[in-house]
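All remarks here apply to the structure that follows.
The values are calculated or read from the model by the stated rules, or taken from the named source; none is laboratory data. Predicted, not measured: the structure shown is a model, and the values here were computed from it. Methodologically, a virtual Cβ is constructed for each residue, glycine included, from the backbone with ideal geometry; neighbour enumeration extends over all protein chains shown. Please note that ligands, DNA and RNA were not included when accessible areas were found on the heavy atoms of the full protein model with its side chains. Shrake-Rupley method; radii C 1.70, N 1.55, O 1.52, S 1.80 Å.
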Protein chains: 2
Amino acid sequence: MRRILLYRGSLLQLQALGVKRVYSYTLGKETGISAQQVRKDFSEYKIKGNQRGGYRVDELISEMENIFYKKGSQNIIIVGRGNIGSSLANYDNFIQRQINIVATFDIDPSKQRIRSEIPVYTMERMEEIIDRFGVRTAIIAVPDMAAQKVCDQLLGYGINGIINFAPVILKVSEDIIINNVNLSDEIESVIYCVSLTENECPE
Amino acid sequence: MRRILLYRGSLLQLQALGVKRVYSYTLGKETGISAQQVRKDFSEYKIKGNQRGGYRVDELISEMENIFYKKGSQNIIIVGRGNIGSSLANYDNFIQRQINIVATFDIDPSKQRIRSEIPVYTMERMEEIIDRFGVRTAIIAVPDMAAQKVCDQLLGYGINGIINFAPVILKVSEDIIINNVNLSDEIESVIYCVSLTENECPE
DNA sequence: CATTAGATGTGAAAAATATAACTATAAAAA
DNA sequence: TTTTTATAGTTATATTTTTCACATCTAATG
Ligand SMILES: NC(=O)c1ccc[n+]([C@@H]2O[C@H](COP(=O)([O-])OP(=O)(O)OC[C@H]3O[C@@H](n4cnc5c(N)ncnc54)[C@H](O)[C@@H]3O)[C@@H](O)[C@H]2O)c1
Ligand SMILES: NC(=O)c1ccc[n+]([C@@H]2O[C@H](COP(=O)([O-])OP(=O)(O)OC[C@H]3O[C@@H](n4cnc5c(N)ncnc54)[C@H](O)[C@@H]3O)[C@@H](O)[C@H]2O)c1
């Protein structure tokens, strides 16, 4: 699944370059995945290629759209319009992925005065907006201390998927999907790997 | 390794709450990992607990610091002081993780006028700064089209670890550590999982 | 038209990872 | 002091994931 998203990223790049067909090993090389793995993944999803000419790029992309976008474009919200929240709200390319940010929320009145394409609402309007747009998924971009509280609030309004940028482990019931994006960890793991490779060959 | 970072996150939370000892199953419950797995991971890193009283939180944390920070604090740079680049530059808590952002770079003169704790330099000064601060790891936060070019430039200056926020697959040699952080994918995978769980029980 | 080269597709083997079951041990209780 | 008990540590088992090997097919070629 992580790999399918990778393949698609690579395929979109290739498509932009005008490439029409790919072989499993081409795509593998692009994404750092073995050719067999690529084929296995495709066979998992019943994606068929041409046994001499590889796979058609446009066909693969649309197959992947099918996997992810059965439901069409999804409305989501962001809670916390600080640094991260604003970065995400300003990002233009989500819509290409059928990710539709309909609103952001912040407790701070000064943030509520922000004028931008994507509105900033007070926390009081959260339930109303969630209902109106049929929102199921939310992004938490509030300070660490506020994350659990905001999370509980969101769940109360029927949200069942959360992307959480706060480095705290949220307590939720089994059936809620949580994706913790910990940017410190992402950086730190690279630092760690770099220091490892340097030590492997000490001379 | 991903799990070790998770454990540490949870342990830091517990420590902040004044908790002194944890059992494998406590930590497991916190992080959504089985107790056996926790013990196995610890035994992997030769971390010892007390066979009746569990593990000491402070000991575990310092063991983990040992794993990650053998080298002490690491100087890193950010290329691209746009939305994401600025968010990261403004984030105060990296220093607690011994991640030390020493500089940011941007091609846009208006960005170079930003006044903040962390300076914004022109691209010309990159080599100088990398050398001066012994930087090994860099964050790429430039537009998609510029990412590969910036990447090549960084590698030319001796960088060997990259955290890449652009949704492009960078071409680099084997020995370079790349961590692609694709925020669209992070969001999309949650949307996908949510839609799956909704379909599992159609009635 | 038959042949061949170069792909895919897939079942089996291998490797990695996670789970379970068991043993050893330290602390608390009797 | 001995017994009990709860938990770490470890070995064995199961599961999942990846890789390998090869049969299969398609398009080009002579
Ligand atoms: N900025 C980064 O680079 C970065 C890196 C790693 C982790 N994080 C994490 O991401 C989260 C957000 O970081 P940030 O830098 O955007 O912080 P920020 O301070 O810039 O933004 C937080 C926003 O949340 C709002 N807020 C506070 N309490 C709230 C509440 N109860 N309800 C609604 N809104 C509330 C604030 O008004 C503010 O606008 C934090 O948990 C942080 O630890 C950020
Ligand atoms: N903002 C988001 O939420 C978000 C989400 C997903 C992915 N991304 C990706 O992250 C990257 C950065 O996004 P952003 O929103 O911060 O973009 P941005 O446009 O806000 O910032 C990019 C910065 O890079 C600078 N820049 C452009 N070319 C450069 C070059 N050759 N060398 C140095 N600097 C250069 C620009 O001047 C600008 O300041 C993009 O690849 C984007 O696709 C961003």
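General observations
- Across the range A:71-93, the qualifying residues are those that are modelled with pLDDT under 95 and either surrounded by fewer than 17 Cβ atoms within 10 Å (Cβ to Cβ) or under 18 Å from A:Pro143 (Cβ atoms) (or both), and the one among them that is nearest to the other protein chains (Cβ to nearest Cβ) is A:Lys71.
- Screening the range A:112-126 for residues that are part of a helix (DSSP H, G or I) and open to solvent by 40 Å² or more (accessible area, probe 1.4 Å) and picking the one that is farthest from A:Ile101 (Cα to Cα) gives A:Glu124.
- Candidate set: the range A:46-67, residues that are out of contact with any strand residue (DSSP E or B) (no Cβ under 8 Å at 6 or more places or on another chain) and touching a residue at least 40 places away in the same chain (Cβ under 8 Å); chosen: the one most open to solvent (accessible area, probe 1.4 Å): A:Asp58
- Looking across the range B:178-193, just one residue is crowded, with 20+ Cβ neighbours inside 10 Å and over 16 Å from A:Val181 (Cα atoms), and that is B:Tyr192.
- For the range B:161-199, a tally of residues being in a loop (DSSP other than H, G, I, E, B) and within 15 Å of the chain's Cα centre (by Cα) returns 3.
- Single unsatisfied condition, B:Ser195 versus (1) outside the structural domain of B:Leu88 (by TED's automatic domain parsing); (2) small (Gly, Ala, Ser); (3) farther than 25 Å from A:Ile140 by Cα: (3)
- Summed over the range A:101-123, residues that are among the aromatic types (Phe, Trp, Tyr) and either near ligand 1 (Cβ under 9 Å from one of its atoms) or not assigned by TED's automatic domain parsing to the domain that holds A:Ala141 (or both) total 1.
- Qualifying residues in the range B:12-41 (those that are part of a loop (DSSP other than H, G, I, E, B) and of a type in the set (A, V, I, L, M, F, W, C)) - the one farthest from the other protein chains (Cβ to nearest Cβ): B:Val19
- Selection count, the range A:160-170, where residues are at the interface with chain B (Cβ under 9 Å from one of its Cβ atoms), more than 14 Å from B:Tyr192 (Cα to Cα) and in contact (Cβ under 8 Å) with a residue 12 or more places away in the chain: 2
- Qualifying residue in the range A:127-145 (condition: more than 30 Å from A:Gly72 (Cβ to Cβ), within 11 Å of another protein chain (Cβ to nearest Cβ) and in a helix (DSSP H, G or I)): yes
- Residue tally, condition open to solvent by 50 Å² or more (accessible area, probe 1.4 Å) and assigned to a helix (DSSP H, G or I), over the range B:94-108: 2
- Test: A:Gly9 is without any contact (Cβ under 8 Å) to a residue 24 or more places away in the chain, within 16 Å of ligand 2 (Cβ to nearest atom) and surrounded by 14 or more Cβ atoms within 10 Å (Cβ to Cβ): yes
- Count - residues of the range A:32-69 that are modelled with pLDDT under 95 and touching a Phe, Trp or Tyr at 6+ places or on another chain (Cβ under 6 Å): 3
- Applying the set (1) surrounded by fewer than 20 Cβ atoms within 10 Å (Cβ to Cβ); (2) more than 8 Å from chain A (Cβ to nearest Cβ); (3) in contact (Cβ under 8 Å) with a residue 12 or more places away in the chain to B:Lys149 leaves exactly one unmet item: (3).
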